[in-house]
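Written below as structure tokens is the structure these notes are about.
Derivation of every value follows stated rules applied to the coordinates shown; laboratory data play no part. The model shown is predicted, which means the values in this text are computed figures rather than measured ones. Virtual Cβ from ideal backbone geometry, glycine too; neighbours counted across all protein chains shown.
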Amino acid sequence: MAEKPTSTTPPSSCREWNARLYHRLSTPQVSWGKKVLARLRLRGDEIVLDAGCGSGRLTGDLLAVLPRGHAVGIDLSQNMLRSAREHLRSHPNLSLVAGDLLHLPFTRVFDGIVSTAALHWVLDHDHLFANFRTALRTGGWLEAQCGGGPNLMAFRQRLETLTNTPRFAELFFGFREPWLFESAEEAAAALLHAGFVKVQTSIEAAPTLLDNAEQYGEFISTMILRQHLALIPGEDLRAEFIENLVEQAAADDPPFLLDYWRLNLCATAG
Ligand SMILES: C[S@@+](CC[C@H](N)C(=O)[O-])C[C@H]1O[C@@H](n2cnc3c(N)ncnc32)[C@H](O)[C@@H]1O
């Protein structure tokens, strides 16, 4: 399916991921996502959208519970889709689509939508949930989880301090965080506004401990700071930026802890 570039579609430098590293490092995301999939009560013949499917580690688990159904994985990143294709090897019950969740090309198609670790990258949730509502059949369900509430607050405060130092301030002038971390109440209001019913939202802590400095640096570079690093010219300056955050995390007790919080979203298309 052709991707339609629009004014709200992010430029490719912001869309792309290092999918190989994501696939290898995403153990925390996969463990959170498996808990979301465990919430599903499927017959096995449903048509389900995996919104922001990434490299497909969880799409594979979804396919395992849809033996007579179909999964459609959609993602903005061509690297992620390529990795998902390799990983899932042309599964007969799977379609992979390049596209933007803010411009979903589906009307009343899906029995359900799942999404894990993706929706906080979409900055307009009113628009996003309206699109989800349109893509679902009446009575269809949404089971999702993304960053929310005080997600990465301590890490983000360090980041803000670092980007305001004389060394980096000019590069980050006018920069806005690329995430939307809603509260449970804000997300519930947005879902109701979009026409969902039986809305349940909640926030849960998901503190994540990395093993050592190398793993922490690789993890924050790949998972959190893609758009920050894209603004910093030169390998040496990027390394200095990451090293500063790694050194601070090494001095924490315990060291290398990321203060993740997850927002759970369950709702039915009314
Ligand atoms: C952290 S990954 C999560 C991947 C997978 N769901 C998982 O849990 O491992 C977030 C994914 O959301 C995708 N994404 C972010 N914004 C998107 C948008 N507007 N439309 C489609 N995909 C988007 C990214 O390209 C990325 O693959």
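The table below lists the values:
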quantity	calculated
Prolate/oblate/rounded call for the stretch 192-258, Cα gyration tensor, a/c under 1.5 rounded	oblate
Kirkwood Rh in Å, taken over the stretch 123-270 so that all alpha-carbon pairs contribute	17.1 Å
Pair R167, Q200: separation of 7 Å Cα→Cβ label points (nm)	4.7 nm
Alpha-carbon centroids, the stretch 91-113 and the stretch 195-228: separation in whole Å	24 Å
log10 of Debye I(q)/I(0), alpha-carbon scatterers only, for the stretch 102-151 at 0.20 Å⁻¹	-0.68
Full-stretch length increase - E160, D124 - with 0.36 nm per residue and alpha-carbon distance subtracted	10.7 nm
Reduced Cα scattering model of the chain, Debye log10 I(q)/I(0), q = 0.10, 0.11 Å⁻¹	-0.51, -0.62
Prolate/oblate/rounded call for the stretch 43-113, Cα gyration tensor, a/c under 1.5 rounded	oblate
Among 200-209, 132-141, the order from most to least packed when residues are scored by Cβ within 10 Å on average	132-141, 200-209
Spin-label model distance (nm) - T107 vs E243, 7 Å beyond Cα toward Cβ	5.7 nm
